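The values are calculated or read from the model by the stated rules, or taken from the named source; none is laboratory data. Just so it is clear, the structure is predicted and the values come from calculations on it, not from any experiment. Here the Cβ positions follow ideal geometry from the backbone for every residue, glycine too, while neighbour counts run over all protein chains shown. Keep in mind that these areas ignore ligands, DNA and RNA; they rest on the heavy atoms of the full protein, side chains included. Shrake-Rupley method; radii C 1.70, N 1.55, O 1.52, S 1.80 Å.
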Amino acid sequence: MSIFPMYPRKYGKTFTISVRRPADKRFSENYNFPVQNYADYCGDMVYVAYRDLIIDEGVVVTTENPCKGLYIYCDGDCTINGTLSMTARGAKFDP
C-alpha cells in the first residue's frame, strides 16, 4: 500500500509501507532527520510516516543537511507546539 499515491506515477518511483499503521512519535528534544545521498548541498527528500506526531514546546525538528524537502505523513493526529523548520535547508540543484 503506497502512502504517496501521486508520487509513483509522476516521478516513476514507488514508496511502500506495511499494512500496519506507523508508530506514534513524540519529539521532546531537538531532532534532525538524517539525509540520504547528501553531497554539495543537495540530498534526497526525507520521507517519514507516523500514526500520531507530537512536537513539544521549545523543540525544533528539522533535517541534518540541505535536501530536496521533508515530507511527514501523519495517519492520525499531528500536534506541533514547538517548531517544524526547513530554514536554510533548501537544496542547491538543477531540476
Selection within the stretch 23-72 - touching a residue at least 40 places away in the same chain (Cβ under 8 Å) and in contact with a Pro (Cβ under 8 Å, 6 or more places away or on another chain): TYR41, CYS42, GLY43, ALA49
Can you tell me how many residues within the stretch 42-95 are of a type in the set (A, V, I, L, M), within 13 Å of the chain's Cα centre (by Cα) and assigned to a strand (DSSP E or B)? 8
From THR62, THR83, THR87, residue being open to solvent by less than 60 Å² (accessible area, probe 1.4 Å) and of a type in the set (S, T, N, Q): THR62
Condition check for ASP75: open to solvent by 80 Å² or more (accessible area, probe 1.4 Å) and at pLDDT below 90: no
